[in-house]
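The values are calculated or read from the model by the stated rules, or taken from the named source; none is laboratory data. Here the structure is a predicted model, which means the values were calculated and not measured. Please note: Cβ atoms are built from the backbone with ideal geometry, for glycine as well, and neighbour counts cover all protein chains shown.
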Amino acid sequence: MMKSLQRFSYPIFFVVMAILPNVLDDRWQAVAITFLVFAVVALSQDIVLGKSGMFNMGQALFFGLGAYTTAILNSEFGWPLLATIPLAILIPALFGVLLAGPIVHLRGDYLLVVTIGFNIVFVQVVQNNLGGLTGGPNGIFGLDSLSLFGIDLSSQIAVYYFAFVVLLLTLWIMHNLAGSKAGRAMHYLREDQLAAESIGINTRVFKIFAFGLGAGIAGLAGTVFAAQYSAVSPEAFEFIQSVLFFSIVIVGGSSIPGVLIGVFVMFVLPEIFREFATWRFFIFGFAMILAMILRPRGIWPATFGKIPKFLIKESNHGS
Amino acid sequence: MDIFLQQLANGLTIGSMYALVALGYTMVYGVMRLINFAHGDMVAASAFVGLTIYTQVMGQSASLLSVVIIFLLSAVVMACVGVILERVAYRPLREAPRLSAVVSALGASLVIQNGIMLIWGPQMRIFPVLVPQVYWDLGGVVISLIQVIILSLSLVLMVALYLFVEKTRIGAAIRASSIDQDAARLMGINVNSIIALIFIIGSSLGAVGGLFIGLYYRGITFNMGWQYGLYAFIAAIIGGIGNIPGAMLGGMLLGLFKAFIAGYVSSTWADAFTFILLIVILIIRPNGILGERVAEKV
């Protein structure tokens, strides 16, 4: 049932998303871009947290690192926004690898607190304007708009399609990952690290790989974010954002539809029900508790590979 | 030397507040293996509850009797909240995957934090002066009465808790539950009651910590729980999570560390240095200073 639903719903989703900006007004176009950008970050978090089972609560750090890379290269060195993409992927990915290196062996909850720490240190560094590059608490503003080979792409619709292409790319990576050697290794190390090691998987390498890959994708989303607002500022990458991405992945069940639903509920619904803005997190808090009690494995639990149902034994993820 | 002694006094004060809050984290973690993210927000809530008891119930009186009543009532209120929290948000998830419980704890944290905002408003509130503002100048080092009270009352509570856990039958049941819940159940220990008791103790100590934060810093905001909670949790990890003397030691160390960073380096970098300290300690001693080596679960 789920599988046939997915077969039809993906093309429909893509077609709807491709037409969407043309029927929306300015404000809702902006909301739709936000949805796409945060969906990419949430999916990148899913690679680290959902697929590999590492308790990472600092994904906003890599998102911010990408956004700041783009912003600094553009404002200080005059690079066009799209030309900053390679570095906006590589620098966060490199930081992901370097930061993950000494900590991936930590037990789940310790990893969680250390990644929170990375996130808070990052925000403090950009707020204190280290090296005079990050613009302090106000951030960097007045970035160029998108352009490609001299063609001006400053309209919001262009940013939307940029974000859409990035989302498609991310989905393609996630799809390929699921069937690849790395994807299988990550799945096994999440299910049972000791068993994974004993069948010859170098868990350390794949954990660091997952961190680097997730960080790179989040960095790319950062470029889109910088292009959307022509600005970056520290509060967009606070630790609370990481908490939201963390919750979206777990509540969504670490599957692509679940994560997309989670992003929609977390970032689009509040725009529809604006009069309840002050109640937003109060209600979300209850919703998170309720969702976990009713569906402990998430609202749309991910399935892995093509294993027949009768062969799958119920297991406790990450315990 | 003056700066050193002054920051020593400040650090011990801040440290004893962290230690009180850290005890709540470490006890819950010890038995349930769960980071109770809502604990920091309970601490913040306690300051607001104390404020309301002071204005509504005590008629803004700051006599010794009413201060004692404010502390006791706040502790009772927060203990009730803690038991409800455990019953609603954590007990249904005890057999669920670890991450589900973490998200439930985050949800509970959001509920309490934003509940405070909806009840008391988003702006900063000023905590009343419940203790006479007496200062002593000891050769260049200024110590206030509040600092003395915070430090001594925290020490009394911590020693009492330590004796309770180490020397009584109920304390033995708590220790047994934290080593192995199933075995404890087989020995006739009612683990559900033990967990409820842990939430009562942890929340009451957190409530005292919250009132101390109000007394010491004066300004209280609805979202301060995450900041203090995170620091207290780091203190618990530094000391060795699940370990009660470890939480006290970690709290004191962290308080001193923060005070000396603020005194000698710069307070704008305090968070960064604290996390660097945490990471270094975890690399050197992955289970904290007093933590025992826990074998990987197979």
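Just name the residue that is surrounded by the fewest Cβ atoms within 10 Å (Cβ to Cβ) out of those in segment B:253-295 that are within 16 Å of B:ALA236 (Cα to Cα) and polar (S, T, N, Q).
B:ASN287
Would you call A:GLN59 within 22 Å of A:GLN127 (Cα to Cα) and of a type in the set (S, T, N, Q)?
yes
Does segment B:136-152 contain at least one residue that is in contact (Cβ under 8 Å) with a residue 24 or more places away in the chain, in contact with a strand residue (DSSP E or B) (Cβ under 8 Å, 6 or more places away or on another chain) and outside any helix (DSSP H, G or I)?
Among the residues of segment B:136-152, at least one is in contact (Cβ under 8 Å) with a residue 24 or more places away in the chain, in contact with a strand residue (DSSP E or B) (Cβ under 8 Å, 6 or more places away or on another chain) and outside any helix (DSSP H, G or I), which makes the answer yes.
Taking only segment B:216-229 into account, find how many residues are assigned to a helix (DSSP H, G or I) and either surrounded by fewer than 22 Cβ atoms within 10 Å (Cβ to Cβ) or modelled with pLDDT of 95 or more (or both).
Total meeting the criteria: 4.
Which one of these is buried (at least 18 other Cβ atoms within 10 Å of the Cβ), more than 14 Å from chain A (Cβ to nearest Cβ), in a helix (DSSP H, G or I) and at negative phi: B:GLY206, B:GLY171, B:GLY250?
B:GLY206
Where the second residue is surrounded by fewer than 24 Cβ atoms within 10 Å (Cβ to Cβ) and the first is polar (S, T, N, Q) and lies in segment A:247-270, which pairs have Cβ atoms under 7 Å and are six or more apart or on separate chains?
Final answer for the pair search is A:SER254/A:ALA302; A:SER255/A:TRP300; A:SER255/A:PRO301; A:SER255/A:ALA302.
Is it the case that A:ALA88 is within 14 Å of another protein chain (Cβ to nearest Cβ) and either surrounded by 14 or more Cβ atoms within 10 Å (Cβ to Cβ) or under 26 Å from B:GLN227 (Cα atoms) (or both)?
Taking the combined requirement at face value, the residue does not satisfy it.
Across segment A:175-222, what is the total count of residues that are in a helix (DSSP H, G or I) and more than 13 Å from the chain's Cα centre (by Cα)?
Qualifying residue count, segment A:175-222: 29.
I need every pair where a residue in segment B:154-181 that is without any contact (Cβ under 8 Å) to a residue 12 or more places away in the chain has its Cβ under 8 Å from the Cβ of a residue that is crowded, with 19+ Cβ neighbours inside 10 Å, sequence separation at least 6 or different chains.
Matching pairs, first to second residue: B:GLY171/B:VAL165; B:ARG175/B:VAL165.
So which residues in segment B:176-191 are in a helix (DSSP H, G or I) and polar (S, T, N, Q), if there are any at all?
B:SER177, B:SER178, B:GLN181, listed by residue number.
Tell me which residues, restricted to segment B:33-60, are within 21 Å of B:ALA236 (Cα to Cα) and buried (at least 24 other Cβ atoms within 10 Å of the Cβ).
B:ILE35, B:ASN36, B:PHE37, B:ALA38, B:HIS39, B:GLY40, B:ASP41, B:MET42, B:VAL43, B:ALA44, B:ALA45, B:SER46
Just to verify a result, which residue in segment A:277-294, among those that are touching a Pro at 6+ places or on another chain (Cβ under 8 Å) and not β-branched (Val, Ile, Thr), is surrounded by the fewest Cβ atoms within 10 Å (Cβ to Cβ)?
Here the answer is A:ALA277.
Can you tell me which of A:THR70, A:THR84, A:THR115 is within 19 Å of A:PHE239 (Cβ to Cβ), among the β-branched types (Val, Ile, Thr) and in contact (Cβ under 8 Å) with a residue 12 or more places away in the chain?
Matching residue, one of A:THR70, A:THR84, A:THR115: A:THR115.
How many of the residues making up segment B:98-140 are surrounded by 12 or more Cβ atoms within 10 Å (Cβ to Cβ) and either among the basic types (Lys, Arg) or more than 28 Å from B:SER63 (Cα to Cα) (or both)?
22
Name every residue in segment B:153-168 that is more than 26 Å from B:GLY255 (Cβ to Cβ) and in a helix (DSSP H, G or I), in order of residue number.
Across segment B:153-168, the qualifying residue is only B:LYS167.
Failed condition for B:ILE189, given (1) over 28 Å from B:VAL88 (Cα atoms); (2) over 25 Å from the mean Cα position of the chain (by Cα); (3) of a type in the set (Val, Ile, Thr); (4) crowded, with 17+ Cβ neighbours inside 10 Å, with all others met?
Status for B:ILE189: all satisfied but (1).
Here are some residues: A:LEU65, A:LEU98, A:LEU94. Which one is within 16 Å of A:MET54 (Cβ to Cβ) and among the hydrophobic types (A, V, I, L, M, F, W, C)?
Among A:LEU65, A:LEU98, A:LEU94, only A:LEU98 is within 16 Å of A:MET54 (Cβ to Cβ) and among the hydrophobic types (A, V, I, L, M, F, W, C).
Would you mind telling me which numbered condition in (1) out of contact with any strand residue (DSSP E or B) (no Cβ under 7 Å at 6 or more places or on another chain); (2) within 23 Å of A:ASP144 (Cα to Cα); (3) part of a helix (DSSP H, G or I) A:TRP79 fails?
(3)
Considering each of B:VAL77, B:VAL83 in turn, give the residue that is surrounded by fewer than 19 Cβ atoms within 10 Å (Cβ to Cβ), touching a residue at least 40 places away in the same chain (Cβ under 8 Å), of a type outside the set (S, T, N, Q) and more than 10 Å from chain A (Cβ to nearest Cβ).
It is B:VAL83.
For B:ALA108, indicate whether it is assigned to a loop (DSSP other than H, G, I, E, B), touching a helix residue (DSSP H, G or I) at 6+ places or on another chain (Cβ under 8 Å) and facing another protein chain (nearest Cβ under 10 Å).
no
Of these, A:VAL205, A:VAL265, A:VAL259, which one is more than 10 Å from chain B (Cβ to nearest Cβ), at pLDDT 90 or above, farther than 30 Å from A:ASN138 by Cβ and surrounded by fewer than 16 Cβ atoms within 10 Å (Cβ to Cβ)?
A:VAL205
I'd like to check something: does segment A:162-169 contain any residue that is within 22 Å of the chain's Cα centre (by Cα), of a type in the set (Phe, Trp, Tyr) and more than 12 Å from chain B (Cβ to nearest Cβ)?
yes
Which one of these is in a helix (DSSP H, G or I), charged (D, E, K, R) and touching a helix residue (DSSP H, G or I) at 6+ places or on another chain (Cβ under 7 Å): A:GLU271, A:GLU275?
Result of the check over A:GLU271, A:GLU275: A:GLU271.
Of the residues in segment A:94-132, how many are crowded, with 18+ Cβ neighbours inside 10 Å, closer than 24 Å to A:GLN193 by Cβ, more than 8 Å from chain B (Cβ to nearest Cβ) and of a type in the set (Val, Ile, Thr)?
2
Which one of B:LEU138, B:LEU145, B:LEU130 is closer than 20 Å to B:ALA207 by Cβ and modelled with pLDDT under 95?
B:LEU130
Quick one: in segment B:86-97, of everything that is out of contact with any Leu (no Cβ under 8 Å at 6 or more places or on another chain), facing chain A (nearest Cβ under 10 Å) and assigned to a helix (DSSP H, G or I), which residue is surrounded by the fewest Cβ atoms within 10 Å (Cβ to Cβ)?
B:ARG91
What are the pairs, 6+ residues apart or on separate chains, where a residue within segment B:226-243 that is more than 10 Å from chain A (Cβ to nearest Cβ) and under 11 Å from B:VAL43 (Cβ atoms) has its Cβ under 9 Å from a residue that is basic (Lys, Arg) and in a helix (DSSP H, G or I)?
B:TYR231/B:LYS258
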